[in-house]
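Notes for the one structure printed next.
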Amino acid sequence: QVQLVESGGGLVQAGGSLRLSCVASGRTFSSYAMGWFRQAPGKEREFVAVINWSGDRTYYADSVKGRFTISRDNAKNTVYLQMTSMKPEDTAVYYCAARSTTSLYYTPRQYDQWGQGTQVTVSS
């Protein structure tokens, strides 16, 4: 198991950028696929991006493709979400999640380790 702690959230104007970080505890971080999800008030948690254990495979939700970039540094046990050209509809609590697998997964129920979340607010 890993424990996950997100950081980097905050308030940004539309068109701006933020970088989220998620630091994982444990020695087996490099064996985990890492995902970013988000949940807006009154809405279900939704997939944002995922990266495989080695960092050479990624996948994005259509709503963020071309604007967000997921990456990881296994030496630092950290996964990042670089968000650019942000929109008010990106406002949500952002969560990182982990699953010990070589595959990519896109739904919340497929992940068993979660961080506490970090709030991102985009003003218009």
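Numerical summary
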| read-out | value |
| --- | --- |
| The one condition in (1) over 22 Å from residue 17 (Cα atoms); (2) of a type outside the set (Phe, Trp, Tyr); (3) touching a residue at least 40 places away in the same chain (Cβ under 8 Å) that residue 81 fails to fulfil | (1) |
| In segment 56-70, residue nearest to residue 121 (Cα to Cα) [restricted to those that are open to solvent by less than 30 Å² (accessible area, probe 1.4 Å) and part of a strand (DSSP E or B)] | 68 |
| Residues satisfying the stated conditions in segment 43-55, i.e. exposed (fewer than 14 other Cβ atoms within 10 Å of the Cβ) and modelled with pLDDT under 95 | 54 |
| Evaluation of residue 59 against (1) within 20 Å of residue 7 (Cβ to Cβ); (2) aromatic (Phe, Trp, Tyr); (3) more than 10 Å from the chain's Cα centre (by Cα) (one fails), failing number | (1) |
| Filter result (open to solvent by 40 Å² or more (accessible area, probe 1.4 Å), of a type in the set (A, V, I, L, M, F, W, C) and farther than 26 Å from residue 12 by Cα) within segment 102-121 | none |
| Qualifying residues in segment 2-16 (those that are more than 15 Å from the chain's Cα centre (by Cα) and part of a strand (DSSP E or B)) - the one surrounded by the fewest Cβ atoms within 10 Å (Cβ to Cβ) | 13 |
| Members of segment 22-35 that are among the β-branched types (Val, Ile, Thr) and part of a loop (DSSP other than H, G, I, E, B) | 28 |
| Pairs with Cβ under 9 Å, 6+ apart, first in segment 103-124 and part of a helix (DSSP H, G or I), second acidic (Asp, Glu) and open to solvent by 50 Å² or more (accessible area, probe 1.4 Å) | 108/44; 108/46 |
| From the options 38, 19, residue that is in contact (Cβ under 8 Å) with a residue 40 or more places away in the chain, open to solvent by 30 Å² or more (accessible area, probe 1.4 Å), in a strand (DSSP E or B) and charged (D, E, K, R) | 19 |
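The values are calculated or read from the model by the stated rules, or taken from the named source; none is laboratory data. Model, not experiment: these values are computed from the prediction. Because the Cβ atoms are built from the backbone with ideal geometry, glycine has one as well, and the counts that use them run over all protein chains shown. Heads up: the accessible areas ignore ligands, DNA and RNA and are worked out on the full protein's heavy atoms, side chains in. Shrake-Rupley method; radii C 1.70, N 1.55, O 1.52, S 1.80 Å.
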